[in-house]
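I have placed the structure first, in the form of structure tokens, so that the comments after it can refer back to it.
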There are 2 protein chains.
Amino acid sequence: MKSNIEIQRIEKSKIDSVDFNNLPFGSVYSDHMLECDFINGEWQTPVIKPYAPISLDPAAKIFHYGQSIFEGMKAYKDADENTMLFRPLENWKRLNKSAERLVIPHIPEDIFMEGLKKLLEVDNNWIPTNEGSSLYIRPFMFASGIGFHASPADSYKFIICTAPSGAYFAGKVKVLIEEKYARAANGGVGFAKAGGNYAAQFYPTQLAIEKGYNQVIWTDDNSHEYIEEAGAMNIFIRINDTLITSPTSDRILNGITRKSVIQIAEDMNIDVEVRKITVSEVIAAAQSGSLKEMFGAGTAAVISPIATFGYHGTDYDLPELENPFAEILKKAITDIQTNKAEDPYGWRVVLD
Amino acid sequence: MKSNIEIQRIEKSKIDSVDFNNLPFGSVYSDHMLECDFINGEWQTPVIKPYAPISLDPAAKIFHYGQSIFEGMKAYKDADENTMLFRPLENWKRLNKSAERLVIPHIPEDIFMEGLKKLLEVDNNWIPTNEGSSLYIRPFMFASGIGFHASPADSYKFIICTAPSGAYFAGKVKVLIEEKYARAANGGVGFAKAGGNYAAQFYPTQLAIEKGYNQVIWTDDNSHEYIEEAGAMNIFIRINDTLITSPTSDRILNGITRKSVIQIAEDMNIDVEVRKITVSEVIAAAQSGSLKEMFGAGTAAVISPIATFGYHGTDYDLPELENPFAEILKKAITDIQTNKAEDPYGWRVVLD
């Protein structure tokens, strides 16, 4: 790091205006943010400062060419007021993978990790302690350099904001398996957490919402026969007692919750298959009764059980099980995240 | 329009600092910009004001979800100082097509056209008169509404900036036909001028630049066998005396220069085929000597002749022709744009 993190504290906290018992997801922001500029080929001193608007030239390439990436993380507090992160280095590594694909400079580990820890220290009161709530953390990077020429910018901003948050989805999720639109191309940026991947999903998702669904399950753009991911979540499908999820690829995000779920499930002796799964196979399993569960896995929603999926004009309801895998796995992962269980994996990072 | 355009003039113009004889492309900005906000479900009064930074909440969705679109246009001045636009309503229509796919509200024709005309009136001195230069116009729209939830924003900005500009490419263009990476998915947003489409091209383009090429010619993401577009230009290929270009699709931008070129070429009795064209066909034509020309067509570069293309480790040089189609068509289109020739199509719009 160029030099120590500079800290500019807010004059008066706005925390008293927040109802921690009724937190929305990602729309109430903590007092401070971390900001670090990449200028003249190097990262400058990171600054923690009051949460405030960002000022950008109208020709900044973020506005024109979508050169932006982000991460999603959560911080938790346990009963003893310890602050904990979950596999934060995985987010740092993935942010840099996204950065490489979008031609954004790598962010050094010390700016990411020390910046994050210091920000959580400064805004420690903002980490919720209520069951089911957490501090959602949003690190992001974007092109601040200017020009109406479609080429990478010469300067960038790395920012971390945080938002005390409740649940991402309220209630059961109803999803639509997509048959026309697609999220990602082969050889494209689907594996990256690139801003443009999300906006591209809004229209098909809106069409699905108008039909009564919450989200789209994306299929491959060529045949629409292979289950890929849900845009904000990876997808797991349980057929009989086998848990199946698609392998990651250049079209599918390498979800941290996804790989944590695979590890925990395997260690519980659940039969896990990481392989391509077709829509036909899922429909056949639904019809024969062997389809037991479908759920999404992602940082925001953790594990989100799917109640119903739609395909080709028909809705298929998932059975109501006792002790579903989704519930067992969600408890296992959140217990590790919140220090209610042993962490044999070394995933939990407790801050000093 | 909600009410008349509000105009806030700059105190002191910066035009004297600009060398109009050595204009770069898109990196010198005129004195004023137009800005219009979409708030509470409606477009507010457009404001023409001094070119100045935009201030946005760090949670504005443009930073996180790539919800942004743009257009590229040019204004010209003829010998009598008339100001001219080229098919501006086509840009307006396409901006709204992009808007629909990205779930951004439509911009009304009067805000777009009246705003543009008024801006060009206020900054009329900024329109270059030198041969080969023009005022590049960049209308763009993006999500200013906030939230860390991957869904469309509730507020947006529509902005028009202008930049007196010289040529987009200097010299002959050397392109690489892409075999691994892809620009667009079937059922994706490739047809839209969405910001994210451009950032996704930076990395493969950078790899091509490192190998000595200027740009990538994109192929379909499934087989890499069909020629699509060049990212900032549509592609035309002349085999013997036939001019071939790919049909537009949900992966290929419906270029205004592209369709103008097709119309002019047909009216010159050039044999034009709008059909899928394979890489194999182009290679075979290059080997047999029937491949005469390749050129890109787009607003920024108008028509950009390709000198060499690379494919699978081999470079293929295009022949040097006398009176190539590229030159004839470029002269025809720019003569219409700059009022040096009759405009039988009604494409030129002369401002009052």
Where GluC sites (Glu not before Pro) fall in DSSP loop in the range B:272-352, at most 13 other Cβ within 10 Å: B:GLU320, B:GLU322, B:GLU342
Top positive-direction residue, dipole computed over the protein assembly as shown with Cβ charges, set B:ALA153, B:MET1, A:ASN214: B:MET1
Each residue of A:201-214 has, on average, a number of other protein chain C-beta atoms within 10 Å of its C-beta equal to 3
Starting at 0 and stepping by 5 Å, how many percent of the alpha carbon pairs of the range B:262-336 end up in each bin? 3, 12, 23, 25, 21, 11, 4, 1, 0
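Starting from the exponent 0.38 and prefactor 2.2 Å, build the expected Rg for the range A:160-274 from its residue count and divide its actual Cα Rg by it.
Compared with the compact-globule rule of thumb, the range A:160-274 sits at 1.12.
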Karplus ³J(HN,Hα) for the range B:51-67 (6.51 cos²θ - 1.76 cosθ + 1.60, θ = phi - 60°; Hz, whole; x = Gly/Pro) runs 4, 7, x, 9, 10, 9, 4, x, 8, 4, 5, 3, 6, 10, 10, x, 7
Amide H neighbours of B:GLY26 under 5 Å, at least 5 residues apart or on other chains, H built in the peptide plane: list them. B:GLY166
Taking Cα atoms, the helix B:279-288 axis meets the longest principal axis of chain B at an angle in degrees (rounded to 10) of 50
For the rotation taking A to B, I'd like to know which residue in chain A has the C-beta closest to the axis, plus that distance in Å. A:GLY196, 1
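So for the range A:194-352, what percent of the C-alpha to C-alpha distances run longer than 27 Å? Mind showing how you got there, number by number?
Details: 2989 of 12561 pairs.
Summing the P(r) tail past 27 Å for the range A:194-352 gives 24 percent.
In the range A:95-162, which GluC sites (Glu not before Pro) are in a loop and have at most 13 other Cβ atoms within 10 Å, using DSSP for the loop call?
Qualifying residues, ordered by number: A:GLU131.
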Please work out the C-alpha center-to-center distance from the range A:44-89 to the range A:191-264 and express it in whole Å. 24
On average, how many beta carbons from a partner chain sit within 10 Å of the beta carbon of a residue in A:217-230? 2
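May I ask you to give the average projected area over all directions of the convex hull of the Cα atoms of the protein assembly as shown, in nm² rounded to one decimal?
Numbers: hull surface 129.9 nm².
Averaging across all directions leaves 32.5 nm² for the Cα convex hull.
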Please report, largest first and rounded to whole Å, the three semi-axes of the ellipsoid equivalent to the range B:42-192, where each semi-axis is the square root of five times an eigenvalue of the C-alpha gyration tensor. 28, 23, 14
So if I place +1 on the C-beta of Lys and Arg and -1 on the C-beta of Asp and Glu, and nothing else carries charge, what would the dipole magnitude of the range B:1-126 be about its Cα centre? I want it in debye, nearest 20. 380
List the residues whose amide H sits under 5 Å from the amide H of A:SER68, counting only those 5 or more places along or on another chain, with H placed 1.01 Å from N in the peptide plane. A:GLY195, A:GLY196
By how many degrees, between 0 and 90 and to the nearest 10, does the Cα long axis of helix B:195-210 differ from the longest principal axis of chain B? 40
Filter A:LYS61/A:LYS118; A:LYS49/A:LYS77; A:LYS193/B:LYS97 down to the pairs with a C-alpha to C-alpha distance above 27 Å, please. A:LYS61/A:LYS118
Can you list the distances in nanometres, one decimal and ascending, from the B:ALA307 label point to the identical position in each other copy, with the point 7 Å along Cα to Cβ? 6.5
Treating the beta-carbon of each Lys and Arg as +1 and of each Asp and Glu as -1, no other charges, what is the dipole magnitude of the range B:250-352 about its Cα centre, to the nearest 20 debye? 300
Which residues' amide hydrogens lie under 5 Å from the amide hydrogen of A:ILE306, considering only partners 5 or more residues apart or on another chain, with H built in the peptide plane? A:MET294, A:PHE295, A:GLY296
Treating the beta-carbon of each Lys and Arg as +1 and of each Asp and Glu as -1, no other charges, what is the dipole magnitude of the protein assembly as shown about its Cα centre, to the nearest 20 debye? 340
Which one of B:TYR51, A:MET233, A:ILE306 is farthest out on the positive end of the charge dipole of the protein assembly as shown, using unit charges on Cβ (Lys, Arg +1; Asp, Glu -1) and the Cα centre as origin? B:TYR51
With viscosity set to 0.890 mPa s and temperature to 25 °C, compute the Stokes-Einstein D of chain A, Rh being the Kirkwood radius across alpha carbon pairs; µm²/s, no decimals. 115
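As an exercise, take the mean of 1/r over every pair of distinct alpha carbons in the range B:157-213, invert it, and state the Kirkwood radius in angstroms.
After inverting the mean inverse Cα-Cα distance, the result is 14.1 Å.
Would you mind giving the mean number of other chain beta-carbons within 10 Å of the Cβ of each residue in B:148-161, as a whole number?
5
Coordinate-derived values only; no laboratory data. Quick caveat, the model's predicted, so the values are computed rather than measured. Glycine gets a Cβ as well: all are built from the backbone with ideal geometry, and neighbour counts include every protein chain shown.
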